[in-house]
Amino acid sequence: MQPLLVANRRVDLHRKVGWFGAGLAAVVFTVGVTGALIAASRPGGFIGVPVPPLQFLATPLVDLALFALFVALAITQRRDPQRHKRLMLLATIMLLSAATARFPFDDMSAPVFGSMFSISDLCVDLFLVPMIVWDLVSRGRVHVVTLLGGLGIIASQPLQVMLSETSVWLSFATWAVGLLGK
């Protein structure tokens, strides 16, 4: 709805509805973190995920943290339409790994070419391609937000795996799951 409002020159309404969207983003973050903690606390962990639950918890929490960062930056950059729209797209892309991991194929978590990237990660990364193409066609170069945000998304994927294997992370994850008070 938001892009349609802008396209129809209803920026005034876009801005009003945007505050509802910011509140919705806060709800998405809160429900996402709570859901991830609940899943990590279950004996079976995350459904269909072969990684130990406390270790896998790094994936949704890092994704949600980056989602929140991109939304917060988009709010601060709301007077700069070029930065704002790219930050909102990056925030949306951060929510896609849960969906791409559930594509009905054999093993979306399988590493690609022996790397720390999974098939699911590459599917998420493909959503950056239209942004890059748009920038190149419309501007002749990649916008700094697309470049830095895209690199942040790509870098976060192997970093999540590395982080999840540390004793510091496992201690934090144990503490965070303990907040549920079971």
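The values are calculated or read from the model by the stated rules, or taken from the named source; none is laboratory data. Please read all numbers here as calculations on a predicted model, not as lab measurements. So basically every Cβ, Gly included, is an ideal-geometry build from the backbone, and we count neighbours across all protein chains shown.
What the table shows:
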item	result
Failed criterion for Phe20 (all others in (1) in contact with a Cys (Cβ under 9 Å, 6 or more places away or on another chain); (2) over 23 Å from Leu170 (Cβ atoms) hold)	(1)
Residue list for the range 1-10, restricted to those being over 15 Å from Ala91 (Cα atoms) and surrounded by 12 or more Cβ atoms within 10 Å (Cβ to Cβ)	Leu5, Val6, Arg10
Filter result for Pro158 (farther than 24 Å from Val31 by Cα, within 20 Å of the chain's Cα centre (by Cα) and in contact (Cβ under 8 Å) with a residue 40 or more places away in the chain)	yes
Scope the range 97-136; condition assigned to a helix (DSSP H, G or I), loosely packed, with under 13 Cβ neighbours inside 10 Å and modelled with pLDDT under 90; matching residues	Ala99
Selection from the range 1-41 of residues that are touching a residue at least 40 places away in the same chain (Cβ under 8 Å), over 24 Å from Ala98 (Cβ atoms) and of a type in the set (Val, Ile, Thr)	Val6
Search result, residues across the range 120-161 that are touching a Leu at 6+ places or on another chain (Cβ under 9 Å) and among the acidic types (Asp, Glu)	Asp135
Members of the range 137-149 found to be in contact (Cβ under 8 Å) with a residue 60 or more places away in the chain, of a type outside the set (S, T, N, Q) and in a helix (DSSP H, G or I), listed by number	Val145, Gly149
Some residue of the range 13-34 being within 13 Å of Leu95 (Cα to Cα) and either of a type in the set (Phe, Trp, Tyr) or more than 20 Å from the chain's Cα centre (by Cα) (or both)	yes
Cβ-Cβ under 9 Å pairs, at least 6 apart or on other chains, the range 42-66 side at positive phi and at pLDDT below 90, far side assigned to a helix (DSSP H, G or I) and aliphatic (A, V, I, L, M)	Gly45/Ala39; Gly45/Leu54
Residue in the range 67-96 that is farthest from Phe172 (Cα to Cα), counting only those that are at pLDDT 95 or above and charged (D, E, K, R)	Arg83
Filter pass, Leu37 being assigned to a helix (DSSP H, G or I), aliphatic (A, V, I, L, M) and within 22 Å of Ala155 (Cβ to Cβ)	no
